[in-house]
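**Q** Please find one structure pasted underneath; my questions will follow.
Each reported figure results from applying straightforward, stated rules to the coordinates on display, with no laboratory input. Fair warning: this is a prediction, and the values are worked out from it, not measured in the lab. Cβ: placed from backbone, ideal geometry, glycine included. Neighbour counts: every protein chain shown.
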């Protein structure tokens with residue numbers, strides 16, 4: 001198939017970006033979206049140009065490294081699919097495809113389609129963990145966890161930290177990301193001792209990184225490649241409110 | 001000076017060695033620990049766990065990864081589970097049984113003491129992960145669930161749906177994040193190690209490149225830990241992430257660290273086949289599918305041709321025209337034959353011209369009979385997510401038409417040589433996880449990679465590293481040492497040389513050419529002729545690379561072509577080491593199959609039905625050893641030193657699957 005790509009190009013973090021147009025000719029429909037970019041890059045290199053830079057690693061939808069906004073949608077048109085698992089058969093011969101980075105103030109562009117998502121790491125560092133030292137753990141079956149609770153924690157824990165939720169949100173809010181981690185850990189007995197502190201500190205870190213607020217539009221849920229539901233956000237709001245109230249009273 | 005390989009295995013009965021060793025190990029008091037600094041390269045299960053735990057102990061840690069976040073290391077892609085000898089199922093499991101299964105699974109080519117320690121430590125890993133909040137699968141009573149995996153007869157695998165690696169990695173990443181926020185670990189993401197700095201024979205630091213600014217800098221420490229994964233991407237196509245590479249391990253090798261058993265590579269039988277030369281990576285389909293799927297190819301080449309051209313649908317092939325070759329050759333194990341056997345058999349039928357994918361390199365994994373027997377819903381409950389994943393990639397519905405699968409490179413058992421303390425022959429250089437050679441012998445069992453990575457990172461290294469550090473004056477070597485300046489200049493020179501070539505061919509084109517060659521000559525079946533041919537071809541490809549590779553852009557910016565070039569340059573040298581080892585090992589064992597060494601009708605073992613013709617034939621007389629290779633110059637045969645393997649607790653037997 002033959003396509004036209006309109007791609008965001010930007011040399012460095014501080015330089016001004018622009019859209020450049022590239023033909024993508026003779027693309028096999030079995031190729032993945034990233035393999036299509038590989039083919040285009042091979043031709044750009046052969047012609048002496050600078051290849052399009054984009055992040056990717058596992059190419060099987062689990063590492064969370066790929067971060068393309070395709071035709072305005074983070075990870076592209078297929079639901080519950082990362083850009084690396086999107087295949088060209090979902091496009092039509094002759095299509096024009098717009099490819100941009102994940103856009104958010106907290107995700108500065110580093111080059112072309114590559115963005116800096118270390119803000120997510122700093123949010124986890126603020127409280128997205130259970131404070132247990134290696135070697136200090138009791139036997140694994142000491143504390144039973146009801147299956148329903150464990151399954152719920154697992155559902156929240158499947159977040160791959162890609163940032164599509166932020167890129168899709170008009171406020172660039174990181175609430176789905178933060179709430180998924182808070183729900184995962186606060187739902188488990190092991191995570192309860194730090195429940196209040198975790199909610200307060202992670203939300204504070206999110207605000208400090210420059211992410212916006214949630215206005216309940218659920219764009220985040222719609223683009224999440226792991227289908228993490230927005231009711232995590234409601235749980236976070238509840239945990240946060242309780243923790244803030246407790247703080248105010250003591 | 002000949003290489004001295006002292007395994008440092010403690011004396012005493014096998015089940016007391018680790019306990020005694022810990023008791024005999026050196027200690028550093030808490031006040032002094034903070035004076036020592038340790039560099040950890042890699043943030044996967046082994047590296048992340050080691051960095052977090054060393055920091056908890058009080059050491060000052062610097063951790064490096066090439067990804068944009070430590071949470072993205074490729075441990076994240078592991079699906080199946082993690083083994084531990086908890087015996088929660090009351091089905092007769094024990095540390096001894098896990099030890100024995102792992103020794104046998106490795107085809108008796110691993111060190112007994114290391115494997116036993118792994119089995120012992122497996123118990124602590126599960127406790128640790130649960131305490132961190134890893135959401136393992138549970139039963140309705142709230143206790144942990146288990147499933148069974150290949151090569152064992154007990155249920156000892158803990159799992160978190162098909163995402164066990166992800167959940168364990170997030171556990172270690174969160175432990176690491178806790179230590180970063182406490183100030184114990186300084187994290188450097190998007191930073192790639194380009195060389196190891198050796199001062200007076202000791203590993204004392206590394207040279208790295210900031211992948212965003214391009215700045216090359218030196219970092220000194222009292223000890224260095226490499227946890228940089230395997231070298232599967234030497235084959236270009238593998239189930240590894242695109243960025244996985246051998247650079248850190250190979251740079252250490254060039255600076256004096258011995259590389260052990262590189263020829264032990266694991267080829268996984270059930271991956272989605274290559275569909276064209278644009279293909280960038282291969283995707284694993286879980287081994288569990290073979291419980292219900294039947295593997296077949298057409299009995300005749302002409303029918304296979306019709307399927308390849310699309311003139312015949314697989315569902316229309318008559319029963320008598322189908323060859324269920326695994327069921328035919330291995331009636332008792334059938335479709336659940338071990339990975340190496342299933343992989344080689346698929347290659348054989350495709351070599352005969354009976355392969356089915358458009359490229360001819362694929363076999364069917366057919367669920368038709370299982371769906372007829374158990375119903376659509378029941379198959380969907382078992383494998384629904386895998387069927388979806390297949391459909392996403394191939395665009396075909398496996399409920400209606402059989403899956404196409406083919407073997408692919410998945411894991412590498414070989415790695416840098418380490419002693420019982422996980423220290424290489426270069427004092428100060430420690431190696432953990434897939435990057436070392438130590439625990440899996442010639443073949444790794446399913447659900448054992450996660451176990452080993454976490455055992456090394458959480459429990460082994462944090463205890464053993466003090467045996468080295470206690471004799472070191474903390475902070476004695478800094479970046480101002482002339483060796484750092486020298487190494488920095490060398491690395492900068494190498495990067496400049498790459499950029500100045502300005503040739504015509506892309507980095508990927510060289511990587512693909514090398515990968516195809518290695519897959520063909522040093523893949524599932526290896527022969528003397530093929531390996532010798534590869535050893536002639538590799539230097540030719542390498543020479544062309546260094547004269548004709550094209551890397552656009554400069555070194556002072558984010559430059560992905562430059563990153564790839566550095567890695568491919570090392571694969572082009574490492575590939576020779578791989579072939580030398582495969583050529584030297586005149587036997588077949590585990591993931592290493594030499595066509596010259598297989599059982600025939602003439603062997604007594606075949607006549608008395610302990611095995612059958614075509615099976616891997618070990619040579620315990622001559623090859624019961626670890627092959628440790630020393631670098632001797634680019635294009636020069638490396639120097640071999642053998643570490644004999646002694647077996648006091650297991651009896652060497654033939655693995656039979658009839």
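**Q** Grab the eigenvalues of the alpha-carbon gyration tensor for the range B:358-499, scale each by 5, take roots, and send me the semi-axes largest first in whole angstrom.
**A** Equivalent ellipsoid of the range B:358-499: 49, 23, 13 Å, largest first.
**Q** Using only alpha carbon pairs under 8 Å that are at least six residues apart, calculate the relative contact order of the range A:3-111 and give it in whole percent.
**A** 35 percent
**Q** Could you list B:492, A:158 in order of exposure, starting from the residue whose Cβ has the fewest other Cβ atoms within 10 Å?
**A** B:492, A:158
**Q** Let me ask something additional. Find the eigenvalues of the gyration tensor of the Cα atoms of the range B:1-134, then list the square roots of 5 times those eigenvalues as equivalent ellipsoid semi-axes, largest first, in whole angstrom.
**A** Over the Cα atoms of the range B:1-134, the ellipsoid semi-axes are 27, 23, 17 Å.
**Q** Remind me, relative contact order of chain B in percent, using alpha carbon pairs under 8 angstrom and six or more residues apart?
**A** So the answer I get is 19 percent.
**Q** Report the gain in length on full extension from residue B:19 to residue B:473: 0.36 nm times residue separation, minus Cα-Cα distance, nm rounded to one decimal.
**A** Between residue B:19 and residue B:473, full extension yields 160.7 nm more.
**Q** Work out the mean other chain Cβ neighbour count within 10 Å for the residues of B:168-177 and drop it here as an integer.
**A** Mean shielding by partner chains, rounded to a whole number: 5.
**Q** Using alpha-carbon positions, what is the distance between the centroids of the range A:51-76 and the range B:114-142, in Å?
**A** 33 Å
**Q** Could you put B:177, B:480, A:79, A:172 in order, starting from the residue whose Cβ has the fewest other Cβ atoms within 10 Å?
**A** Listing B:177, B:480, A:79, A:172 from fewest to most nearby Cβ atoms yields B:480, A:79, A:172, B:177.
**Q** If you don't mind, there's one more thing I want to ask. Calculate how steeply helix B:507-522 sits against the longest principal axis of the alpha-carbon atoms of chain B, using the helix alpha-carbon long axis, and give the answer as 0 to 90 degrees to the nearest 10.
**A** 60 degrees
**Q** Taking only Cα atoms, what is the 0 to 90° angle, nearest 10, from helix B:45-57's long axis to the longest principal axis of chain B?
**A** Taking the Cα atoms of chain B, the angle to B:45-57 is about 30 degrees.
**Q** Same structure again: How far is helix A:195-208 tilted off the main Cα axis of chain A, in degrees rounded to 10, range 0 to 90?
**A** 40 degrees
**Q** Still on this structure, I have one more. If we count other beta carbons within 10 Å of each Cβ, what is the order of B:86, A:147, fewest first?
**A** Ascending Cβ contact count within 10 Å gives the list A:147, B:86.
**Q** Between residue B:609 and residue B:540, what FRET efficiency follows from the Cβ-Cβ distance if R0 is 60 Å, with the result rounded to 0.05?
**A** The value I calculate is 0.80.
**Q** What is the distance in Å between the Cα centroid of the range B:273-317 and that of the range B:611-648?
**A** 35 Å
**Q** Which value, in nm² and rounded to one decimal, describes the direction-averaged projected area of the C-alpha convex hull of the range A:3-111?
**A** Averaged projected hull area, Cα only: 6.9 nm².
**Q** Give the value in nm², to one decimal: projected area of the alpha carbon convex hull of chain B, averaged over all directions.
**A** 29.1 nm²
**Q** Compute the distance from the alpha-carbon center of the range B:537-599 to that of the range B:487-514, in whole Å.
**A** So the separation of the two Cα centres works out to 14 Å.
**Q** Could you tell me what fraction of 2.2 N^0.38 Å the Cα radius of gyration of the range A:117-249 comes to, as a two-decimal ratio?
**A** 1.05
**Q** Separate question: Using the alpha carbon gyration tensor of the protein assembly as shown, what are the three equivalent-ellipsoid semi-axes (square root of 5 times each eigenvalue), largest first, in whole Å?
**A** 37, 34, 31
**Q** With a bin width of 5 angstrom, please list the P(r) values of chain A as percents of all Cα-Cα pairs, from the 0 bin to the one holding the largest distance.
**A** Percent of Cα pairs in each bin: 1, 6, 12, 16, 17, 14, 11, 8, 6, 4, 3, 1, 0, 0.
**Q** Just need the relative contact order of chain A here, percent rounded to a whole number, with Cα pairs under 8 Å and 6+ apart.
**A** Averaging sequence separation for qualifying contacts and normalising by length gives 19 percent for chain A.
**Q** According to the square roots a ≥ b ≥ c of the eigenvalues of the Cα gyration tensor, what is the shape class of the range B:242-391, taking rounded for a/c under 1.5, prolate for a/b larger than b/c otherwise, and oblate for the remainder?
**A** Prolate, because a/c is 1.5 or more and a/b exceeds b/c.
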